[in-house]
Amino acid sequence: MAIQNPDFTELNDLACEDVGTKILFATDDWFASAENLLKVEPPVWKEGFTEFGKWMDGWETRRKRMVGHDWCIIKLGVRGRIVGVEIDTAFFTGNYSPKFSLQVTFAIFHIVQITTKRVLRYGLWSCAVCV
C-alpha cells in the first residue's frame, strides 16, 4: 500500500525560497546551511565531502556539548495560515534530532538584535507545534 501525503502538502509552501522566505539567523551552520530548509526540491543523496565534513542536503549543526539546542529564525516570504509542517530527515541516519518545536509570531516590526537572549523588541511568540 502506497503512503499517501497529508492534504496540506497540496497547499502553497509558505516556507520555500521561491516565495522569498529567508533564514534570518541560525545558531550553527557548521556542516550544512540552514538555507537548505527552504529548498523546493526534495532532498538528494550525494557521496563526498565539503570543507566541513560529509556533504548533507539539510541543515546540519555540530554536536552540542552544552545545555541548549540549535534553532533558527525563518522569515516567511508571504503571509498565510500554517496548516501543516513537514520535517524530512531523509538521509540523516542516526544524526537527526529526535524532536522539534515550531514557535511563531506575527511581526510587523524590524528585528532589533539577534542574540540567544533577546531576539525581538516586541512580539508574542507562541508554540505552534511541540513534538
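Quick note: the coordinates plus some simple rules give every number you see, no bench work behind them. A quick note: this is a predicted structure, and the numbers were derived from the prediction, not measured. Positions of Cβ are backbone-derived with ideal geometry, glycine not excepted, and every protein chain shown enters the neighbour counts.
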* **Among 33, 69, 52 - extreme Cα towards positive end, dipole of the stretch 24-82, charges at beta-carbon** => 69
* To do: For residue 64, list the aspartates and glutamates whose Cα falls under 12 Å from its own Cα; do not include residues on the same chain fewer than 8 positions away.
  => 28
* Surrounding net charge for residue 29, when Lys and Arg each add one and Asp and Glu each subtract one, Cβ distance under 13 Å -> -4
* Asked: Can you work out ³J(HN,Hα) from phi for every residue in the stretch 19-36, in order, using Karplus 6.51 cos²θ - 1.76 cosθ + 1.60 and θ = phi - 60°, giving whole Hz and x for Gly and Pro?
  -> 9, x, 5, 9, 8, 8, 7, 9, 5, 7, 10, 4, 8, 8, 5, 5, 4, 4
* Mind checking the stretch 1-108 for trypsin sites (Lys or Arg not before Pro) that DSSP puts in a loop (not H, G, I, E or B) and that have at most 13 other Cβ atoms within 10 Å? => 46, 62, 63, 64, 65, 79, 81, 99
* Extension gain (nm, one decimal) between residue 67 and residue 95, 0.36 nm per residue minus Cα-Cα -> 8.3 nm
